[in-house]
Amino acid sequence: MSDWEADNDEDPSQTNPSVVQREWVPSVSATSSPFGGERSWGTKPRATADRGGPQWENWRETERRGDSWGRAPARGGKRERFSGGRGGLTWRRGDRDAGSSAPLSFNVESSMIGAVIGRGGAKIRELEENTGARIKINRGDYEGEVKIFGSSEAQIRAKQLIDELIERNSESGPNYNRNEQVSRSTFGDGKRNGSCWVAPVQSTEPLLPIDWAAIRENRTKYAAMKWEDLPPINKEFYTEVKSVADLTLGEVATWRKENNNIIVDDLKEGDKRPIPNPVRTFEEAFQQYPGIMDNIIRVGFQRPTPIQAWPIVLQGFDLIGIAQTGTGKTLAYLLPGFIHLDSQPIPREQREGPGILVLTPTRELALQIEAECSKYSYKGITSICIYGGGDRRAQIKVVTKGVDIVIATPGRLHDLQMNGFVNLRSITYLVLDEADRMLDMGFEPQIMKIILDIRPDRQTVMTSATWPPGVRRLSKSYLKDPMMVYVGTLDLAAVNTVEQGVLIIAQEEKKAFTLEFVQNMMPEDKVLIFVGKKIVVDDLSSDFCLQGIPVQSLHGDREQCDREQALDDFKKGKVRILIATDLASRGLDVHDISHVFNYDFPRNIEEYVHRVGRTGRAGRSGVSLTLVTRNDWKVASELINILERAHQFVPEELVLMADRYEKHRLEKQRERELLEPRGGGGGGSGRRGRDQDGYGGRSSRRF
């Protein structure tokens, strides 16, 4: 939105003597104007053509002192809307809306104008969309005039939103428009002439250097000042019952070994803390919270899963939970989160924002967690799911109105955070769900920026199915003295409730074999077919439909409503075949999937484990079948390790394939050593070419 809009076609110089009239003049560096012809703005006052002449009729330019340039089309012509940044040009189409009230006018400090306009005019456009009003801003040297057009209700609502916006930015310091910042830093505090700053007389005083050493020394003090006005947090809500306290060390060790070999470790440096005894029933964990017990009884769970280390979380410790997919990690952090949220010293209705934030990698997983929140409703706690592809305006409306739990993907939450729609300072309980997957998807920068606005004395829970170096780095950065609970082993392993089969097959035979497999399915079977590329998902789905086989498909290029519909149809059994990319390898909680069919081998062995984990959930058994071609030979050795660890049958052809690849790798390594010049340095060989697996030598360096 520009600084000035013309409301009539009169010559401004006739009514305002302070206006200096200018005209369009041809220029060598002319650019195409929006009204036709190639012209540029004149930079010096010149005598104008006669009133009514062709130049006056087609182009006019006026300048108010302290305001920006405006322009009008020929008299009687149709007004057009043309927006730019600061100093840009704005014309509206037609007359004001019928029935509009007189404009509401008020002044705002110049330092706050940038906050109202927003980067590229984004904020002022959003205010207009949310209120239905039209907002015009005239800049001045010390104050800016804001005019709001529209109905009385729209004007009042827009005024309220602008006041709130100014108040928020006043608390966090001045928020100048980026262009103005650049102009002032370049030209000082000179006066504005049109869309440019006129440089003042340069000061002879030397600029003082920034004392970075002092800033570093006081970093802790400044960080504490950021959070000093926040209320304290309650974290300890656990009372150990007698049956748990009376457990001996031998009984605890036996119970953990019998329950998938649970390992608990204290990662605090120095003196270690006592590790709480495990709870073996829901009553031992939540007998003091009847609302939680009512939900558990209603849902019908029999006993906790090994990863649900509630005594650790209820004592206020940060937790890292490493377990295979389908082991109940969501409930492990959700139920203690309800208790944490309801037991804070500041009542929920008096808090300035949400109390719990759950960050998760995919839309499907975010929607699934929100469904779990609704299923285990506790004392009226409300939640919202924020994700890219959803209705942004509706999400903003709910989160600004007030909500207790925010479940979000990092990208969309970072968008709302940077635009001031969500207050993260009120978060006291943070969950990083499927942390390894979020790092794989490249969300680490957004996660870092989000956590910067969350108080450091929060309680943090991190869950993951694997324990790679990236997740370890994230845990050291954002968790404080955590305890770790992992089920089975930290080494990569597939769930032991799934029978894993591997078939060596030619690439051209895969489609025919898949069709035969689907046609031989039992009526009660439900199969999830994983492929590597989105185009293959569509191709395979089309072939099945032509054969009269009802299927649904799921991949990132589908509209969000179609993705939700596909997943809903599969969960409810309307279709019993879902063809998907790795988008569905994590977070897809469909308990009755009987088969996982890997049409294409995944890009890495970790994704294979996650795919297999989509079946055999909640105590059920499942079957996975993986098609392996000659192009997959570089992962044969890793796949053999997974199969052997889960006590599965290893085909002899797969062993031979791994041996051939190892021999191939060693030959390539010897060739490189012979071609390298003596003394090292890595000279060019000219023979690098592409390996037989088509990866230009990269695959041989993976080992």
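Where a number appears in this text, it was derived from the coordinates with a stated rule and is not lab data. Predicted model only: the values in this text are computed from it and were never measured. Note that each Cβ is placed from the backbone with ideal geometry, even for glycine, and that neighbours are counted across all protein chains shown.
In table form, for the structure just shown:
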quantity	calculated
Among Gly470, Pro482, Ile454 the positive-end extreme of the charge dipole of the range 242-487 (Cβ point charges)	Ile454
In order through the range 443-452: 3J(HN,Hα) via Karplus (6.51 cos²θ - 1.76 cosθ + 1.60), integer Hz, x for Gly, Pro	8, 4, x, 5, 4, 4, 5, 5, 5, 4
Lys, Arg +1 and Asp, Glu -1 on Cβ, resulting dipole of the range 498-650 about Cα centre, debye, nearest 20	260
Integer Hz, Karplus 6.51/-1.76/1.60 couplings in order for the range 560-576, x for Gly and Pro	4, 5, 5, 5, 5, 5, 4, 5, 5, 4, 5, 5, 7, x, 5, 10, 10
In Hz, Karplus ³J(HN,Hα) per residue of the range 151-160 (6.51, -1.76, 1.60; θ = phi - 60°; x = Gly, Pro)	5, 4, 4, 5, 5, 5, 5, 5, 4, 4
Amide H within-cut-off set for Ser553, under 5 Å, with H built and near neighbours excluded	Ile579
Pairwise FRET efficiency - Leu247 versus Asp141, Cβ, R0 = 56 Å, nearest 0.05	0.15
The range 345-423 versus the range 504-518: alpha-carbon centroid distance in Å	43
Fewest-first sequence of Arg216, Arg392 by Cβ atoms within 10 Å of each Cβ	Arg216, Arg392
GluC sites (Glu not before Pro) within the range 324-378: DSSP coil, no more than 14 neighbouring Cβ in 10 Å	Glu352
Tensor-based shape of the range 269-356 (alpha-carbon gyration tensor, a/c under 1.5 rounded, otherwise prolate or oblate)	oblate
Total charge dipole magnitude, the range 366-417, about the Cα centre, Cβ charges on Lys, Arg, Asp, Glu only, Debye to nearest 20	160
For Asn598, residues with placed amide H under 5 Å, excluding near neighbours	Phe530, Leu625, Thr626, Leu627
Built amide H within the under 5 Å cut-off of Tyr429, gap 5+	Leu357, Gln459
